[in-house]
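In what follows, a single structure is set out as structure tokens and then discussed.
The values are calculated or read from the model by the stated rules, or taken from the named source; none is laboratory data. The shown structure was predicted, so the numbers you read here are calculated from the model rather than taken from an experiment. Cβ atoms come from the backbone with ideal geometry, glycine included; neighbour counts cover every protein chain shown. With ligands, DNA and RNA removed, areas are computed over all heavy atoms of the protein, side chains included. Shrake-Rupley method; radii C 1.70, N 1.55, O 1.52, S 1.80 Å.
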Number of protein chains: 2
Amino acid sequence: MALARPAVLDAALRQCTRAPRRPLCRHADQHIPLHPRLQRRWISDGSRPPVPPGSPGPSKVIAPKTRLAVGIVFIGTLIYSMATGNDPPTSQDTPKGGIQAESPTIAERDNLSKRESGITAHSPMRLRMEAFIKENQQDIVRTLETLDGSRFVVDKWDRPHGGGGISCVLQDGNVFEKAGVNTSVVYGSLPRQAISKMRANHKALDPDVESLEFFAAGLSLVLHPHNPMAPTVHLNYRYFETANADGTTNAWWFGGGTDLTPNYLFDEDVIHFHRNIKDACDAHDKDYYSRFKKWCDEYFHVKHRNETRGVGGIFFDDLDESEKDQESLFAFVQSCMGAFLPSYLPIIQKRKDMPWTEREKQWQQLRRGRYVEFNLVHDRGTAFGLNTPGARVESILMSLPLTARWQYQHEPEKGSREERLVGVLKKPQEWV
Amino acid sequence: MALARPAVLDAALRQCTRAPRRPLCRHADQHIPLHPRLQRRWISDGSRPPVPPGSPGPSKVIAPKTRLAVGIVFIGTLIYSMATGNDPPTSQDTPKGGIQAESPTIAERDNLSKRESGITAHSPMRLRMEAFIKENQQDIVRTLETLDGSRFVVDKWDRPHGGGGISCVLQDGNVFEKAGVNTSVVYGSLPRQAISKMRANHKALDPDVESLEFFAAGLSLVLHPHNPMAPTVHLNYRYFETANADGTTNAWWFGGGTDLTPNYLFDEDVIHFHRNIKDACDAHDKDYYSRFKKWCDEYFHVKHRNETRGVGGIFFDDLDESEKDQESLFAFVQSCMGAFLPSYLPIIQKRKDMPWTEREKQWQQLRRGRYVEFNLVHDRGTAFGLNTPGARVESILMSLPLTARWQYQHEPEKGSREERLVGVLKKPQEWV
């Protein structure tokens with residue numbers, strides 16, 4: 001088994017074995033609805049014992065009405081990929097073409113397994129991925145808090161049939177205008193219609209069953225710095241699995257990627273970012289970087305502007321056994337995730353205190369507007385989430401900047417740095 | 001024949017008969033592509049003879065590549081209603097399920113008619129509607145310029161097969177953060193697929209033809225004031241017609257409406273706005289206001305927030321001979337358009353100089369964010385336009401505010417004016 005960051009994973013495994021999970025809640029109505037604000041706490045708040053965001057201890061549940069949708073929404077991109085007919089769930093309990101609330105036996109099994117044996121390298125990938133994303137969320141949040149000098153607000157909830165989510169958001173900090181780092185774990189059931197759509201990419205799926213249990217887990221982050229010289233960055237890594245009736249794994253795949261969105265081009269930053277990602281890719285497959293770099297440029301294309309959202313990175317989806325074995329792909333995702341802080345921290349460190357002018361701030365605000373356009377008009381995950389009744393909109397739209405601007409017929413001056421950026425966005429380049 | 005504003009119409013008719021139109025351009029390539037900026041001029045600029053925006057004199061053509069799409073986009077809402085399959089045109093010349101470039105005989109006929117006899121009360125509705133919207137655009141732009149003390153930037157273009165558009169935009173003025181008043185006239189051809197979709201609402205359409213010529217004309221405006229106490233307003237009125245092979249009218253209908261989006265509720269303002277619209281409706285049909293007010297609340301519903309975009313107004317579509325005769329409906333639309341300035345001017349006059357705090361400005365910015373969400377996520381016309389290759393994006397997104405804000409988990413204080421607004425948006429009220 002290849003592990004790119006064994007120390008981190010080990011830590012995650014140890015952490016997740018410390019406390020037993022609460023018994024699976026089968027009836028949402030047994031919970032007392034609480035206002036989301038009541039559940040907030042500060043990560044590593046000195047006044048309380050440090051509690052890792054992934055730990056089960058003090059978290060409370062959100063109003064039952066919001067829970068299924070919350071889970072769906074956080075990994076909207078992932079779930080969208082299985083429901084490409086643009087039909088989001090039409091209700092929380094009996095969604096059309098989406099997810100049905102059914103007895104989630106893999107959730108029960110996972111819960112039992114966590115309580116009895118903890119999570120080890122021999123646990124199902126579901127549990128290892130959950131531990132992995134929560135550990136990384138915690139690492140990233142703590143690192144960003146140190147950088148910014150401000151604390152993230154943490155909202156945490158459980159889902160009635162297993163799984164849950166943690167939203168960490170830092171707003172109007174010292175370095176970041178808005179930063180969100182979210183994890184989500186969902187157990188659910190896919191109806192026949194969704195299964196047949198997913199078969200296009202995953203032949204292991206049985207077309208003859210009425211429904212299939214599924215599991216999904218992912219980490220998403222978007223960081224919008226204040227300084228116009230510092231780029232916005234986005235990252236998302238996710239794992240999806242369906243189960244046979246006997247609880248064994250049916251189909252599974254990984255997806256995700258990361259991309260950089262600067263307002264001003266510093267070639268050295270873009271090269272550094274791409275170099276780090278490429279190194280992570282190259283360690284697993286010499287073709288990955290070029291394949292997934294191209295895929296990223298294609299996915300983050302703002303069609304109506306005929307430009308990419310930023311200077312790219314990597315994007316991939318549906319990586320399953322037809323690509324490589326599960327351990328190899330998990331190791332690849334671990335490498336990618338591990339490359340994130342090294343790829344972005346040196347850039348934000350260099351740019352966060354650079355001087356800027358009012359004109360440059362306005363340009364940043366215009367570029368923020370383009371970011372909003374991509375996310376609200378073209379991003380499949382956002383669209384899917386927003387069209388899901390009862391969705392936790394605040395978690396979906398966490399990706400939007402704090403402020404944005406739309407100026408009629410704004411055009412960068414000839415020969416300006418702004419014009420150079422737009423040129424690169426209209427014609428994606430090779431950076432490494 | 002009933003004319004609600006005969007003086008205005010007469011003026012429009014006179015104006016449109018003053019100068020002969022240029023001959024119809026059949027070959028786009030014969031034009032020299034000009035940068036859109038080259039075509040700008042100031043309405044009523046004292047240094048030049050006053051030229052009404054609708055007059056044919058000094059306007060030049062935009063690069064041929066942009067023209068068809070430009071026309072499509074301006075009345076995206078209208079054209080969307082005929083292509084409900086969410087399939088926007090896939091190219092400018094041979095759109096899929098959209099509009100085909102063909103010999104536009106009604107355009108030729110209209111052009112000849114304008115040159116030979118001018119536009120009179122006996123002209124086809126196409127020409128009367130065109131004259132009507134251009135006259136109103138001019139009235140509204142001049143009134144708003146007087147109010148604001150700033151000039152609109154005017155962009156004007158012709159379409160290769162007849163028709164064209166005029167965009168008037170005022171940005172960062174004294175009263176308005178952003179104000180756009182657009183007209184558009186389109187001649188085109190509907191393919192069989194689009195015809196069969198439109199038949200659901202218009203039985204007059206012949207399902208057995210391969211294509212039908214169509215005409216569409218509309219006026220759209222969005223005004224975003226600076227002052228958080230002053231409401232944003234939106235208006236759109238449009239006319240659509242298809243022609244038989246012999247050039248006679250096949251099917252036709254009117255659509256449109258107007259709605260108000262305040263950041264702070266002044267009941268007297270909302271009542272005044274609705275009262276004016278209701279009076280315009282009541283003069284034609286005692287049921288119109290209640291029917292179209294309900295339709296407005298339903299259309300401008302931001303589903304994912306479970307709130308309306310604003311406090312409504314009226315919205316209607318597909319009003320054809322099954323509703324009333326053409327003259328009666330034109331008279332109704334004229335009344336609605338005529339009610340606009342009286343419905344909004346007293347409100348903006350009262351609110352534009354009110355004192356406001358930084359907190360109130362931030363609330364306005366958050367509401368602007370919601371406006372962006374509706375327009376980019378839910379508005380069918382915007383979606384259709386943005387998905388149309390080669391669309392004039394600046395004209396579509398003219399409706400977006402200059403600045404907007406997204407704040408994670410912002411909630412109005414209990415008992416505050418902000419909370420009262422949200423309450424009304426979640427449960428639309430009867431105002432008159």
Determine the sum of side-chain charges near B:S416: Lys and Arg each +1, Asp and Glu each -1, restricted to other residues whose C-beta is under 14 angstrom from that of B:S416. 0
Per residue, how much accessible area does region B:298-432 show when a 1.4 Å probe rolls over the protein heavy atoms, in square angstrom? 37 Å²
Quick one: with all protein chains in place, what share of the accessible area of region A:196-287 is carbon or sulfur, to the nearest percent (1.4 Å probe)? 47 percent
Using only protein heavy atoms and a 1.4 angstrom probe, determine the accessible area buried between B and A, summed over both sides, in Å² to the nearest 100. 3400 Å²
Tell me, for the rotation carrying A onto B, which chain A residue has the beta-carbon closest to the axis and what that distance is in whole Å. A:L376, 2
Whole-Hz ³J(HN,Hα) from phi, Karplus 6.51 cos²θ - 1.76 cosθ + 1.60, for region A:320-331, glycine and proline x: 10, 5, 6, 9, 7, 6, 4, 5, 5, 6, 4, 4
Regarding region A:309-426, what is the average projected area of its C-alpha convex hull, in nm²? 10.8 nm²
Just to make sure I understand: if all protein chains stay in place, what is the order of A:H304, B:H226, B:H274 by accessible area at 1.4 Å, largest first? B:H226, A:H304, B:H274
Using Cα centres only, tell me the gap between region A:137-215 and region B:368-432 in whole Å. 26 Å
List the distances, in nm and shortest first, from the label point of A:V422 to the matching label points in every other copy, placing each point 7 Å from Cα along the Cα-to-Cβ direction. 3.8
Label point 7 Å beyond Cα along the C-beta direction, distances from A:R192 to other copies (nm, shortest first): 3.3
Residues in region A:404-420 that, when all protein chains are in place, have 20 Å² or more less accessible area than the chain alone would give (probe 1.4 Å): A:A404, A:R405, A:W406, A:Q407, A:Y408, A:Q409, A:E411
Rg(Cα)/(2.2 N^0.38 Å) for region A:198-355, N = residue count: 1.18
Residues of region B:239-265 with amide N under 20 Å of a point placed 7 Å along Cα→Cβ from B:L112: B:242-250
Do any GluC sites (Glu not before Pro) in region A:180-274 lie in a loop, going by DSSP, with at most 14 other beta-carbon atoms within 10 Å of their beta carbon, and if so which? A:E210
Going residue by residue through region A:207-214, the Karplus relation 6.51 cos²θ - 1.76 cosθ + 1.60 with θ = phi - 60° gives ³J(HN,Hα) values, rounded to whole Hz and with x marking Gly or Pro, of x, 9, 9, 6, 7, 9, 5, 9
Run through the other copies and list how far each one's label point is from that of B:R115, in nm with one decimal, shortest first; the point sits 7 Å from Cα along Cα-Cβ. 8.7
Here region A:163-178 yields Karplus 3J(HN,Hα) values (6.51, -1.76, 1.60; θ = phi - 60°; whole Hz; Gly and Pro given as x) of x, x, x, 9, 9, 10, 10, 10, 10, 6, x, 7, 9, 9, 5, 7
Between A:H122 and A:N244, what FRET efficiency follows from the Cβ-Cβ distance if R0 is 25 Å, with the result rounded to 0.05? 0.80
Can you give me the long-range amide H partners of B:T232? Hydrogens built in the peptide plane at 1.01 Å from N, cutoff under 5 Å, separation of 5 or more residues or another chain. B:T261, B:N263
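Tell me, rounded to the nearest percent, the portion of alpha carbon pairs in region A:141-216 spaced more than 22 Å apart. Don't skip to the end; give the middle numbers.
Working: 1417 of 2850 pairs.
In whole percent, the share of Cα-Cα pairs in region A:141-216 beyond 22 Å is 50.
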Members of region A:292-337 that become less accessible by 40 Å² or more once partner protein chains are added (1.4 angstrom probe, chain alone as reference): A:H304, A:R305
Test assert for region A:367-385: residues whose accessible surface shrinks by at least 40 Å² between chain alone and all chains, 1.4 Å probe, equal A:L376, A:V377
Cα pair count fraction exceeding 16 Å, expressed as % - region B:358-432: 61 percent
Straight-line reach only, C-alpha to C-alpha below 24 angstrom: list the lysines that A:K303 could link to, leaving out same-chain residues fewer than 8 apart. A:K293, A:K294, A:K414, A:K426, A:K427, B:K65, B:K96
